[in-house]
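The values are calculated or read from the model by the stated rules, or taken from the named source; none is laboratory data. This is a predicted model, so every value here is computed, not measured. Glycine gets a Cβ as well: all are built from the backbone with ideal geometry, and neighbour counts include every protein chain shown. The area values use the complete protein model at the heavy-atom level, side chains included, leaving out ligands, DNA and RNA. Shrake-Rupley method; radii C 1.70, N 1.55, O 1.52, S 1.80 Å.
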Amino acid sequence: MTAMNARTPLLALLLATGALLPGCALLETLGLRDPDPAYASPETMYDTARAHFQEERWEDAEDLFGDLWRDHPDSVLAPDARFYEAECRYGRGKFDGAFELYKSFLDAHPYSPHIPLVQRRIYDMGTFTIEEGKDGFLGLTYSDQGVAMLDYLVSAFPHGDLADDALVYAADHEWRTGQHLRAIGHLHDLIDYYPGSEWALEGRLRLARAYRDVNRGTLYDADALARSKAQYLAYIDIVRSDAAREREYAGLLEQARSELAEVEERLARKMLVAADYYERTGEHEAALAELRNLVRDHPGTSAAAEARTRLDEAAADGGSR
């Protein structure tokens, strides 16, 4: 009998009972892994991994923490080991992988004392990825991955300390990069679900600006501008409702009024365009009605002054006939 054949029954027996052994112990028993005192017990594994962690030997610590909780899932040290595996990935700057590890940790241990730190880690990874992703890699940007991390943070910890900050950060990035509709979604979530947030008032002003900057793709559609006007008016009313706040926000209040006047002018101009359309298509009365509505709804605009002139001319023409 060859040496290989002599070992076959033993090998078959070990393989058949392998499910009863932890992965690392099985490898050692089969002679496929050198015995290592680090694997003597979960406690020894944990202490060794912690020593690596303290020395910032991230990969060694990560491997050992991962082996611990996977090979000894019932150990009292398994939850901590699972958390520190994610921490090691974070320490290496491998944020995509760390994010997935933190998520799986939260699924398994939603009441862990490590939860506050996990929230902070996800927020920091999300904001960092947004900023780093702007420049991209080989011409490919990846800031949206950071936004996805912040969205997960809000959904996983809706009552956490960082949920409103995450919404503001995501919306600010989207507004600055021209993704106005996505910014609007995040800002509405901020205002609707976190009205007591320190960001809520500024969020309303940003929402007004995001609606202002939406390009709806048609000359006659004033819906986004109307929504912008409503948010500006709400912001101004809230600021003015408190004398101390009105003094504190005096500069922003003046800016909001200036931006509101611009929105009013754009809305009025759209109505002039509509009146011109009616006139071109022979709907003279509809054109006059649009001009009257313009004067009524946006009286202080230059477009309203132009509408009054047209109405006066129309009245004069009608009187001369």
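Quick grid of which residues meet (1) charged (D, E, K, R); (2) touching a Cys at 6+ places or on another chain (Cβ under 8 Å); (3) surrounded by 19 or more Cβ atoms within 10 Å (Cβ to Cβ); (4) modelled with pLDDT under 95:
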{"position": "Val154", "(1), (2), (3), (4)": "no, no, yes, no"}
{"position": "Tyr169", "(1), (2), (3), (4)": "no, no, yes, no"}
{"position": "Leu181", "(1), (2), (3), (4)": "no, no, no, yes"}
{"position": "Leu187", "(1), (2), (3), (4)": "no, no, yes, no"}
{"position": "Leu201", "(1), (2), (3), (4)": "no, no, no, no"}
{"position": "Ile238", "(1), (2), (3), (4)": "no, no, no, no"}
Next item on the list: Could you tell me whether any residue of segment 249-263 is surrounded by 15 or more Cβ atoms within 10 Å (Cβ to Cβ) and hydroxyl-bearing (Ser, Thr, Tyr)?
Entry: yes
When segment 39-76 is checked residue by residue, the ones that are within 23 Å of Glu100 (Cα to Cα) and of a type in the set (Asp, Glu) are Glu56, Glu59, Asp60, Glu62, Asp63, Asp67, Asp71, Asp74
Worksheet item: Being surrounded by fewer than 22 Cβ atoms within 10 Å (Cβ to Cβ), of a type in the set (Phe, Trp, Tyr) and at pLDDT below 95, is that true of even one residue in segment 121-134?
Response: no
Of the listed residues (Ala268, Ala303, Ala275, Ala287), the one being touching a Ser or Thr at 6+ places or on another chain (Cβ under 6 Å) and either in a helix (DSSP H, G or I) or within 22 Å of Arg227 (Cβ to Cβ) (or both) is Ala268
The residue that is modelled with the lowest pLDDT, considering only those in segment 18-67 that are polar (S, T, N, Q) and open to solvent by less than 80 Å² (accessible area, probe 1.4 Å), is Thr29
Screening Arg308, Arg280, Arg269, Arg296 for residues that are open to solvent by 50 Å² or more (accessible area, probe 1.4 Å) and within 20 Å of Arg209 (Cβ to Cβ) leaves only Arg269
